[in-house]
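Quick note: the coordinates plus some simple rules give every number you see, no bench work behind them. All values derive from a computational prediction rather than experimental measurement. Heads up, the Cβs are rebuilt from the backbone with ideal geometry, glycines too, and the neighbour counts pull from every protein chain shown.
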Amino acid sequence: MAQAPFPELTLFITGPTYIRPEVREAGSWPEYGHRDAENAKRFEPIFHNLGIIAGLPADYRTILFLGSGSTAMEASIRSLVAQGETILHATCGAFGDLWHKMSLANGKNAVRLAAEPGQPVTPEALDAALAQHKPAVVAITHNETSTGVTNDVPALCRVIKAHNALALVDGVSIFGGAPCPIAASGCDFYATATQKSLGLHAGFGIGFVSPAAIEKARHVTARGHATDILSHLGRAEKFQTQSTPNGALGNQMYLQLRYIVEEEGLDARYARHAAMRDTTIAFVDKLPGYAPFAAADFRSPTVTAVAAKPGMTSADLRAIKETLRAKGYLFDPGYAKLNEDLEAAGKQPIFRIGHMGDITPAMLKAYLADLGEVLTR
Ligand SMILES: *Cc1c(COP(=O)(O)O)cnc(C)c1O
C-alpha cells in the first residue's frame, strides 16, 4: 500500500473517532455493484446487525441514507412534519439547536424548548411545552455531544406519547455505545450515523422508523427525494440504498457490525463505554480546578465535557490541542459556539473527551495520563 502522506493521530474528539486496523484494512476489499447480488452479501448482514444493535421491534424499518447523521435528521423533518403542523425541538445544546435550525430551513413551523447547558431536558418542562405549543411532532436528543448530557429518552417519550405527538430522537453520538432505547421508548424515528460510537468512517445516516411514522409520511407533501423516507423503503427491503453507496464503507461496516454483535458483544461493548465514562469522571474529579460539566445523573458514556479551571480561556484550550497533537493525539477544545457563549457570560469554557467506539480503556488511560500532565502544568 502507498505510504500515507499524513500523520497518525489518535482521535479523542467526539466523532469521527478511532478506527481499528482490521476495519481500515477492510476498506481495501473488492469493489462491487450496488444493484448486484454482491451488494446483498454486504448489506443484508449490515441491515440485520443494525436491527440487533437497535433492539429493533419487528414492525420497524431501517433506512441507510447516503450522507451522515444530519441527512437522517433532515429526512425525518421533511417526511414527518406536515404543512401547518408545529414541531417542538426540546434541546439541551448545539445539536438539538441544529435540528431546530434544519426545521426552520425547511419552512416548518418549529418552536424550541431549551434546557441550560449541562442540564438534561426534564419531563416536566417538556410536558409544559407540549401543553403550550400542541405540536404534532417532537424532536429530542438522546446524547447531546456539545455538553456530554444523555437524556432519559423513555421518560421523555412517555410525555410525548401522552400528548399524542410523534417522537423523533437524535441518537447520532451514542448508538453502539449504550443500549438503544427504541423499544423502551416507542419513539417513531431514531437517527444515527456511522462515524461515532460504531467506530467507522462517516458516509451513512441511519434511520429506524416506526409503523406510525410510515403511515404519517403518506400524508405529508413535498418530502423531497433523498429526504423521503417512503422512497427509501422499497430499496431497504432489498438491503439496498436509494442511490450509489460508498462501497469501501459498506465493506468496512459489514466487518465492524459483525465484530460488534458477534465478537465483542453488545453487553461487553456497553459495559466498556460505561467504564470509560467512570474512568474519565474520576480523572476530572482529581484534577484541581476542573469539573465535569454535565449534571451528575446524566453523564454520557461516549463523551465527557469538562469545565476548564478558573483563568483558563478557550485560546488556552486551542494551544493545548497543539501540544497534544505533537504527542500524536487529536484533542477536542470544546464546541466553539458554546465556549463563546460561556465566556461571554463570564463562565469557564469547556473541552471534551471522546471515549466512543473502539477506543479501549488502556488507550483512554494513556491519553488521560498525557492530558493530565498538560492540564496541570
Ligand atoms: C455528530 C452529531 C450530529 C451530526 O451528525 P453528522 O453525522 O455529522 O451529520 C448530530 N447530532 C449529534 C448529537 C451529533 O453528535
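Taking every DSSP helix (H) stretch of at least 4 residues in the chain, weighting each as -39,500 (n - 2.57) and dividing the sum by the residue count yields a mean residue ellipticity at 222 nm of -13000 deg cm²/dmol. Between Ser28 and Asp267, what is the FRET efficiency for a Förster distance of 22 Å, r being their Cβ-Cβ separation, to the nearest 0.05? E between Ser28 and Asp267, to the nearest 0.05, is 0.10.
Only the Cβ atoms of Lys and Arg (+1) and of Asp and Glu (-1) were treated as charged; on that basis the dipole of region 180-296 about its Cα centre amounts to roughly 260 debye. For region 1-107, the alpha carbon convex hull comes to 203 Å³ per residue, rounded to a whole number. The mean of 1/r over all distinct Cα pairs in region 21-261, once inverted, gives the Kirkwood hydrodynamic radius of 17.9 Å.
Global dimensions of region 127-195 from alpha-carbon coordinates: Rg and Dmax equal 12.0, 37 Å. For region 266-375, the C-alpha radius of gyration divided by 2.2 N^0.38 Å, with N the number of residues, is 1.05. Placing a label point 7 Å from the Cα of Thr313 along the Cα-to-Cβ direction, the residues of region 354-377 whose backbone N falls under 20 Å from that point are 375-377. The label-point distance for Leu230 and Ala275, in a model that sets each label 7 Å from Cα toward Cβ, rounds to 4.9 nm.
Using the Cβ-Cβ distance between Glu343 and Thr244 with R0 set to 45 Å, the FRET efficiency from 1/(1 + (r/R0)^6) comes to roughly 0.50. For the peptides 144-154, 190-200, the ranking by packing is 190-200, 144-154, with the highest mean count of neighbouring Cβ atoms within 10 Å listed first.
By the rule of a C-alpha distance below 22 Å, with chain neighbours fewer than 8 residues away ignored, the lysines paired with Lys347 are Lys286, Lys309, Lys321, Lys337.
In a DSSP loop and with at most 12 other Cβ atoms within 10 Å, the trypsin sites (Lys or Arg not before Pro) in region 1-59 are Arg35. Each label point was placed 7 Å from the Cα along the Cα-to-Cβ direction; for Ala128 and Arg325 their separation is 4.5 nm.
Using a cutoff of 8 angstrom between alpha carbon atoms and counting only pairs six or more residues apart, the relative contact order for the chain works out to 24 percent.
Using Cβ point charges alone (K and R +1, D and E -1), the dipole size of region 266-375 about the Cα centre works out to roughly 120 debye. For the peptides 208-217, 363-372, 4-13, 69-78, residues were scored by their other Cβ atoms within 10 Å and the scores averaged per peptide; the highest-first order is 69-78, 208-217, 363-372, 4-13. According to the calculation over all Cα-Cα pairs in region 48-142, the P(r) per 5 Å bin from zero is 3, 12, 21, 20, 19, 15, 9, 1, 0 %.
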